[in-house]
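The structure under discussion appears below in the form of structure tokens.
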Amino acid sequence: MHSLRRWTHPFVAAVLLAALPAQATAVQPPNAQEMIAALARANASVVGVRVMVAEDARSAETLGQHRRGSGVVIAPDGLILTIGYLMLEAEQIEIVTQDNKTLPARAVAYDLATGFGLLRPLLPLRAGSGVGAAVLGSSQPLQPGEALMAVTGPQASDDGEVSMTRLVSKRAFSGTWEYHIDTALFTSPPLLANGANHSGAPLFNQKGELVGIGSLLVADATGQNQRLPGNMFVPVDLLRPILAEMQRSGTSAQSHRPWLGLNSSDQGGRIQIVRVSKDSPAELAGLEAGDVVLAVDGAKVATLADFYKKLWDRAAPDAEVSLTVLQGADVKTIVLKAQDRLQTLKKPSGI
């Protein structure tokens, strides 16, 4: 992987071009000059994101009170796309442009289902900053082995980084925190610059089109129990159908779904609870770390995807849920009243 400081000279862009061999891609890349110009424009659309949340916010315990990451401008009016957990319950949001200007920003939307977040600066992005809007692409044509560009935004202590990486796989992803998407992008080598700052980092194809937003650092990008560190990116294909709705309502309809307050893992066909959120439906019902979920509403579940899809398959987010659970040596049926997760969080100023 090539990890480079912000380019200020065509020579640096040429190095990026050299990192993208045509034979490694399924789609013939544009010519050299077109690629250099497209990647330069893509790089210029990236900003840094800094967030402070209230000390008593629910998310402060797991995500911290002070957060930093990246975002990418996706519209001429300065609308910025990032990963939503950065801005969750934000009390103060700032963006940092590549000419080291710090601007206050407000939260526009947080989408629980996809993980995306939208921000907008409170002051106009200055023309001199060189910030332009990225072009939304699609992850569908991407093939394993394809060379891609990931960019981290500037912060007070650094200028951000441009990193070359490759697509390892496209597959479903289930997070331990009641999160699932049917397609995620996994790349390697991982983003290690800026303290492994992958949060909200945009991923671009060789045409300079935005194809994903950085979410996680993973130990195995292959998903086949191999030691291959990498990153998971949420594909922007998931944004297109809900972008207008997010701007209009602050989220999407699919984000209003049942939440229990569990962190779980699945191994060998068993779903084991590893953490229970404080004051959550799961805690109130007596569930504990170490319990094993066997069934939802009487239907057996063996993977996190099974578990979540059964949980979310009901009309109201606050509906009752029946779990068959192994607690110690006892099998119990526990009925919980789920919650709408969005209603349990402090809304950032702006949404």
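Please verify whether ARG67 is in contact with a helix residue (DSSP H, G or I) (Cβ under 9 Å, 6 or more places away or on another chain) and open to solvent by 60 Å² or more (accessible area, probe 1.4 Å), treating the condition exactly as stated.
no
Within region 165-181, which residues are aliphatic (A, V, I, L, M) and surrounded by fewer than 21 Cβ atoms within 10 Å (Cβ to Cβ)?
Listed by number, the residues that qualify are ALA172, ILE181.
Within region 91-127, how many residues turn out to be aliphatic (A, V, I, L, M), part of a loop (DSSP other than H, G, I, E, B) and either closer than 16 Å to PRO154 by Cβ or open to solvent by 20 Å² or more (accessible area, probe 1.4 Å) (or both)? Full working, then the answer.
Quick first cut of region 91-127, residues aliphatic (A, V, I, L, M) only: 93, 95-96, 103, 105, 107-109, 112-113, 118-119, 122-123, 125, 127.
Restricting the remaining residues to those that are part of a loop (DSSP other than H, G, I, E, B) gives 112-113, 122-123, 125.
Filter once more, so that each one left must be either closer than 16 Å to PRO154 by Cβ or open to solvent by 20 Å² or more (accessible area, probe 1.4 Å) (or both): 112, 122-123, 125.
Qualifying residue count, region 91-127: 4.
Does LEU287 fit the bill of being more than 24 Å from TYR85 (Cα to Cα), assigned to a loop (DSSP other than H, G, I, E, B) and touching a Leu at 6+ places or on another chain (Cβ under 9 Å)?
Yes: the conditions hold for LEU287.
Since GLU245 meets every condition but one in (1) within 15 Å of the chain's Cα centre (by Cα); (2) open to solvent by 10 Å² or more (accessible area, probe 1.4 Å), which condition does it not meet?
Every condition holds for GLU245 apart from (1).
Which ones in region 67-101 are free of Cβ contacts under 8 Å to residues at least 40 places away in the same chain and within 19 Å of GLY160 (Cα to Cα)?
Scanning region 67-101 gives ASP99, LYS101.
Please specify each residue of region 209-231 satisfying the condition of being open to solvent by 10 Å² or more (accessible area, probe 1.4 Å) and either of a type in the set (S, T, N, Q) or within 11 Å of the chain's Cα centre (by Cα) (or both).
The answer is LEU216, LEU217, THR222, GLN224, ASN225, GLN226.
With open to solvent by 10 Å² or more (accessible area, probe 1.4 Å), in contact with a Phe, Trp or Tyr (Cβ under 8 Å, 6 or more places away or on another chain) and over 17 Å from GLY117 (Cα atoms) as the only criterion, which of ALA44, ALA32, ALA40, ALA54 stands out? Give the derivation first.
On the way: ALA44 fails: in contact with a Phe, Trp or Tyr (Cβ under 8 Å, 6 or more places away or on another chain); ALA32 fails: in contact with a Phe, Trp or Tyr (Cβ under 8 Å, 6 or more places away or on another chain); ALA54 fails: in contact with a Phe, Trp or Tyr (Cβ under 8 Å, 6 or more places away or on another chain).
After ruling out the rest, the residue left standing is ALA40.
Does LYS309 meet the test of being in contact (Cβ under 8 Å) with a residue 60 or more places away in the chain, open to solvent by 60 Å² or more (accessible area, probe 1.4 Å) and over 24 Å from SER59 (Cβ atoms)? First the steps, then the outcome.
Working: in contact (Cβ under 8 Å) with a residue 60 or more places away in the chain: yes; open to solvent by 60 Å² or more (accessible area, probe 1.4 Å): yes; over 24 Å from SER59 (Cβ atoms): yes.
Yes; evaluated as a whole, the condition is true for this residue.
Could you go through region 287-298 and let me know if any residue there is touching a residue at least 40 places away in the same chain (Cβ under 8 Å) and over 18 Å from SER174 (Cα atoms).
Yes: one or more hits.
State all residues of region 147-160 that are crowded, with 21+ Cβ neighbours inside 10 Å and either of a type outside the set (A, V, I, L, M, F, W, C) or assigned to a loop (DSSP other than H, G, I, E, B) (or both); if no residue qualifies, say none.
THR152, GLY153, PRO154, GLY160
Can you spot a residue in region 174-185 that is of a type in the set (A, V, I, L, M), farther than 16 Å from LEU217 by Cβ and modelled with pLDDT under 95?
The answer is no; no qualifying residue exists.
Quick one: how many residues across region 257-271 are surrounded by fewer than 18 Cβ atoms within 10 Å (Cβ to Cβ) and either more than 24 Å from the chain's Cα centre (by Cα) or in contact (Cβ under 8 Å) with a residue 24 or more places away in the chain (or both)?
Result for region 257-271: 5.
I'd like the residue in region 70-86 that is under 11 Å from the mean Cα position of the chain (by Cα) and hydrophobic (A, V, I, L, M, F, W, C) and, out of all such residues, is surrounded by the most Cβ atoms within 10 Å (Cβ to Cβ).
Checking each candidate, the answer is LEU81.
Is there any pair linking a residue in region 198-216 that is at positive phi to one that is crowded, with 23+ Cβ neighbours inside 10 Å and not β-branched (Val, Ile, Thr), with Cβ under 7 Å and at least six apart or on different chains, and which?
GLY200/GLY69; GLY200/SER70; GLY200/GLY71; GLY200/LEU86; GLY200/GLY214; GLY208/LEU39; GLY208/ALA42
If I ask for residues that are open to solvent by 30 Å² or more (accessible area, probe 1.4 Å), on the phi < 0 side of the Ramachandran plot and of a type outside the set (A, V, I, L, M), which ones from region 328-351 would you list? Before the answer, list the steps.
Just the residues of region 328-351 that are open to solvent by 30 Å² or more (accessible area, probe 1.4 Å), to begin with: 328-333, 335, 337, 339, 341, 343, 346-347, 349-351.
Keeping just the survivors that are on the phi < 0 side of the Ramachandran plot gives 329-333, 335, 337, 339, 341, 343, 346-347, 349, 351.
Within region 328-351, ASP330, LYS332, THR333, LYS337, GLN339, ARG341, GLN343, LYS346, LYS347, SER349 qualify.
Which number in (1) touching a Leu at 6+ places or on another chain (Cβ under 7 Å); (2) within 18 Å of ALA42 (Cα to Cα) marks the one condition that SER138 misses?
It is condition (1) that SER138 fails.
The values are calculated or read from the model by the stated rules, or taken from the named source; none is laboratory data. All of these numbers come straight from a predicted model, not from anything done at the bench. Using ideal geometry, Cβ is built from the backbone for each residue, glycine included, and neighbour counts are taken over all protein chains shown. To get the accessible areas, we keep the full protein, side chains included, count just its heavy atoms, and leave off ligands, DNA and RNA. Shrake-Rupley method; radii C 1.70, N 1.55, O 1.52, S 1.80 Å.
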